Amino acid sequence: MSEKMRVGVFTGQGKVEVQEVEKPRPGKEKVLVKIGACALCTFEQRMFRGIVHIPFPYVGGHEVSGIIEELGEGVDVNRWKPGQKVSLRLLENCGECYYCRTKREDLCENIGRKVENGLPFAGIGGLSEYLLVEPRKLFKVADDLPFEVAALTEPLACVVHSVEKANIEFSNDVVVIGAGIMGLFHLILSKNRGARVTVSEVNDERRKLAESFGADYTINPSQVDPVKRIKDLTEGRGADVVFDTVPIIELAQQATQMIGKAGRLVFYTSFSQDPDKTINVSPDWVHHSQVTITGSVNPAVSDFFESSRLLSFRIVRPEPLISQVVPLDRIQEAFEMAINPKNYRVVVRMS
């Protein structure tokens, strides 16, 4: 008799329910992972709200941790063993396009399109009690790292990617626009790089949390001109690095005004809801100031590896960024909590 497992399934816009499906078994060169926790990323939140269109029924979830349940034939038993705690890199890249072949798998032309999860539904599949994956998707984490924390390997990896692109040097002045979870991850990693960090955020509670994570200065941009404040703090030069983590086009324009000569501006946030909106940038200013303006999207394999170690070594301790831990049986309620802007990450505990 086949075993059953539970999955959280999108059945319509704003509707997620728990259904039972057949528990998969690992075939050749596959690993069966018992999922411990799945954090609800803004990507899944946009699915729930109908901003991202998906086929129903659909099983989302890509910020995932778990424990190895069973190894299929051909899996390296010296590297992987049942009982190991792992985080999972589930956003698949094709390995065949120009960008994958030139070590830029973060820009894969087919990213996320190839999904083999052993489920009867479409989707990435993290909101399941069990998931089939290839060993290359597994990253070891410390045995004593809670599943809820290990599930944040993926979002932290996204920020590792962003911070690497910014090339932060000791004593640089860094500005982070926005103190949501990703903004605060930028703050934490920038401080670990030896930077002086200023966070611009309108919400009082979020500014206080930024200060608790080591922000040297915080700005309420509704009360203070943030560009002038940054110039004052830097003797008129402007910041060495600016991270924009808020998808408001006016703040993107503001970010260009904060940056100094030879500075690096990273648009971490996606502006996909208003992709046709633009900002004004003088090419002559870019020429004379030698600034770098870039974006950051999708963590590479190396970013994911570094993130798993940052969490396992407890260099990054993100527990204050976990607003709620909700059991799978309350998946509908979990999504309603997740889309509440007062919350940081809501994590679904799978068992």
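The values are calculated or read from the model by the stated rules, or taken from the named source; none is laboratory data. Everything numeric here is computed off the predicted structure, so don't read it as measured data. No Cβ is skipped: glycine too gets one built from the backbone with ideal geometry, and neighbour counts run over all protein chains shown. Areas reflect the complete protein model, heavy atoms only, side chains present, ligands, DNA and RNA absent. Shrake-Rupley method; radii C 1.70, N 1.55, O 1.52, S 1.80 Å.
Some notes on this structure:
- Hey, SER312 more than 16 Å from CYS41 (Cβ to Cβ), touching a residue at least 40 places away in the same chain (Cβ under 8 Å), surrounded by 15 or more Cβ atoms within 10 Å (Cβ to Cβ) and among the hydroxyl-bearing types (Ser, Thr, Tyr) or not: yes
- Across the range 250-264, not a single residue is classified as farther than 22 Å from PHE185 by Cα and assigned to a loop (DSSP other than H, G, I, E, B).
- The set of residues from the range 291-308 being open to solvent by 30 Å² or more (accessible area, probe 1.4 Å) and under 23 Å from ALA239 (Cβ atoms) comprises THR292, ILE293, THR294, GLY295, VAL297.
- Only one entry of THR256, THR278 meets the criterion of being open to solvent by less than 50 Å² (accessible area, probe 1.4 Å) and free of Cβ contacts under 8 Å to residues at least 40 places away in the same chain, and that entry is THR256.
- Considering only residues in the range 278-313 that are in a loop (DSSP other than H, G, I, E, B) and within 24 Å of the chain's Cα centre (by Cα), the one that is farthest from GLU154 (Cα to Cα) turns out to be PHE313.
- Which listed residue is over 19 Å from GLY178 (Cα atoms), in a strand (DSSP E or B), over 15 Å from the mean Cα position of the chain (by Cα) and not basic (Lys, Arg), from VAL326, VAL347: VAL326
Per-residue answers, yes or no, for (1) within 23 Å of the chain's Cα centre (by Cα); (2) assigned to a loop (DSSP other than H, G, I, E, B); (3) farther than 30 Å from ASP143 by Cβ; (4) among the small types (Gly, Ala, Ser):
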site	(1), (2), (3), (4)
VAL7	yes, no, no, no
PHE10	yes, no, yes, no
VAL18	no, no, no, no
VAL33	yes, no, no, no
SER65	yes, no, no, yes
ILE68	yes, no, no, no
GLY74	no, yes, no, yes
LEU88	yes, no, no, no
GLU109	yes, yes, yes, no
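- Where helices (runs of 4 or more DSSP H) fall wholly inside the range 146-214, the ranges with 1 or more residues that are in contact with a helix residue (DSSP H, G or I) (Cβ under 6 Å, 6 or more places away or on another chain) and not aliphatic (A, V, I, L, M) are 153-166, 181-192.
- Note on the range 90-107: residues that are farther than 24 Å from LYS28 by Cβ, in a loop (DSSP other than H, G, I, E, B) and open to solvent by 30 Å² or more (accessible area, probe 1.4 Å) total 3.
- Subset of the range 198-241 (residues that are farther than 22 Å from ILE188 by Cβ and of a type outside the set (A, V, I, L, M, F, W, C)): SER222, GLN223, ASP225, LYS228, LYS231, ASP232, GLU235, GLY236, ARG237, GLY238
- Within the range 10-23, restricting attention to residues that are touching a helix residue (DSSP H, G or I) at 6+ places or on another chain (Cβ under 9 Å) and among the aliphatic types (A, V, I, L, M), the residue that is least open to solvent (accessible area, probe 1.4 Å) is VAL16.
- Flag if GLY126 is part of a helix (DSSP H, G or I), open to solvent by less than 40 Å² (accessible area, probe 1.4 Å) and out of contact with any Pro (no Cβ under 8 Å at 6 or more places or on another chain): no
- Out of VAL64, VAL31, VAL7, sole residue that is in contact (Cβ under 8 Å) with a residue 24 or more places away in the chain, more than 30 Å from SER270 (Cα to Cα), open to solvent by less than 50 Å² (accessible area, probe 1.4 Å) and not charged (D, E, K, R): VAL31
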